[in-house]
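Take a look at the structure below.
The values are calculated or read from the model by the stated rules, or taken from the named source; none is laboratory data. This structure is a prediction, so every number in the text was calculated from the model and none was measured. No Cβ is skipped: glycine too gets one built from the backbone with ideal geometry, and neighbour counts run over all protein chains shown. These area figures cover heavy atoms from the full protein model, side chains too; ligands, DNA and RNA do not enter into them. Shrake-Rupley method; radii C 1.70, N 1.55, O 1.52, S 1.80 Å.
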Amino acid sequence: MAAANEHTVLQFATPSSTTSILTARIHPLVIFNVCDCFVRRPDSAERVIGTLLGSILPDGTVDIRNSYAVPHNESSDQVAVDIDYHHNMLASHLKVNPKEIIVGWYSTGLGVNGGSALIHDFYAREATNPIHLTVDTGFTNGEGAIKAFVSSNLSLGDRQLAAQFQEVPVDLRMVEAERVGYDVLKATAVDKLPNDMEGMELTLERLLTLINDVYKYVDSVVEGQRLPDNNIGRFIAEAVASLPKLPPQVFDNLVNDSLQDQLLLLYLSSITRTQLSLAEKLNTAAQML
């Protein structure tokens with residue numbers, strides 16, 4: 001599909017009272033898919049787009065659970081979308097989960113532009129009142145902002161004047177482990193994700209900071225500098241009670257044994273990779289002979 005860019009785009013941050021879709025509920029897999037697609041994009045591409053899959057709940061909330069990228073070419077005056085690829089990917093996804101339907105599309109970048117209106121017109125023919133999800137992978141405002149929009153046409157008689165994109169609330173549904181990874185990604189732009197050791201170091205530093213905060217709170221309560229809170233005291237008591245009561249020497253032995261096991265696994269995995277690489281080279285050499 002190729003279309004000329006003749007649209008005027010209006011973007012509003014405040015949700016309209018007439019908007020039929022109340023909230024865009026996004027699962028973390030979608031955000032990670034968008035980021036992965038952006039990292040793998042061609043060098044010439046400024047942004048990537050893709051299809052959002054999910055369902056519409058009875059209260060009008062759009063539950064976005066999955067996504068896939070769609071190749072496209074975009075210039076200042078036209079947009080071309082690979083419709084055949086889009087339909088083939090949709091058919092493959094429906095074989096795995098037939099309950100998921102097209103609920104919208106995503107793009108990277110901050111906000112919408114003229115090309116977004118053209119792409120949204122295409123998805124409006126694929127789904128009713130589709131959601132447009134944007135993920136700011138450029139960290140324009142210091143973090144990866146996630147926004148969702150619905151669109152309506154502003155017309156004068158039979159003439160379409162502009163495409164109005166109305167922002168709708170976003171609800172990120174994540175468990176604690178997923179939120180930790182998401183916080184790492186959205187906080188700032190990084191060259192690479194931390195490895196296991198770096199992640200463990202960051203986690204321990206955060207744990208030490210939290211323990212120091214608890215110490216300061218308990219000391220201030222004991223010294224009468226602040227009033228005690230029964231809820232906080234209960235949480236602290238439950239946390240302390242959950243810790244295993246082990247002698248320091250036994251605890252050190254457990255940590256050292258676990259560390260030795262991890263080092264052994266790393267060694268075995270390295271040997272396995274070396275063996276597979278050697279077998280592949282021998283197989284290639286045998287085929288050439």
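Things to note:
- Inter-site label distance for Asp171 and Glu205 at 7 Å from Cα along Cβ, in nm: 3.5
- From the alpha carbon centroid of region 44-64 to that of region 226-289 is 36 Å.
- Backbone geometry of region 56-63 corresponds, through the Karplus equation with coefficients 6.51, -1.76 and 1.60 at θ = phi - 60°, to 3J(HN,Hα) couplings of 10, 6, x, 7, x, 5, 8, 9 Hz, x marking Gly and Pro.
- Extents of region 191-242, taken as max minus min of Cα coordinates on every principal axis and listed largest first, are 46, 23, 13 Å.
- Close amide H contacts of Leu172 (hydrogens built in the peptide plane, cut-off under 5 Å, sequence separation of 5 or more or a different chain): Ile26.
- Whole-percent carbon and sulfur share, accessible surface of region 201-255, 1.4 Å: 64
- Applying the criteria of a DSSP loop state and at most 16 other Cβ atoms within 10 Å to the trypsin sites (Lys or Arg not before Pro) of region 225-264 yields Arg226, Lys245.
- Accessible area of Met200 (1.4 Å probe, protein heavy atoms only, ligands and nucleic acids ignored): about 90 Å².
- Surface composition of region 19-105: carbon and sulfur atoms hold 54% of the protein heavy-atom accessible area at a 1.4 Å probe.
- Solvent exposure of region 36-76 as accessible area per residue, Å², 1.4 Å probe: 52
- Whole-number Å³ per residue for the convex hull built on Cα positions in region 21-63: 72
- Residues Asn212 and Arg273, FRET efficiency given R0 of 35 Å [Cβ-Cβ distance, rounded to 0.05]: 0.30
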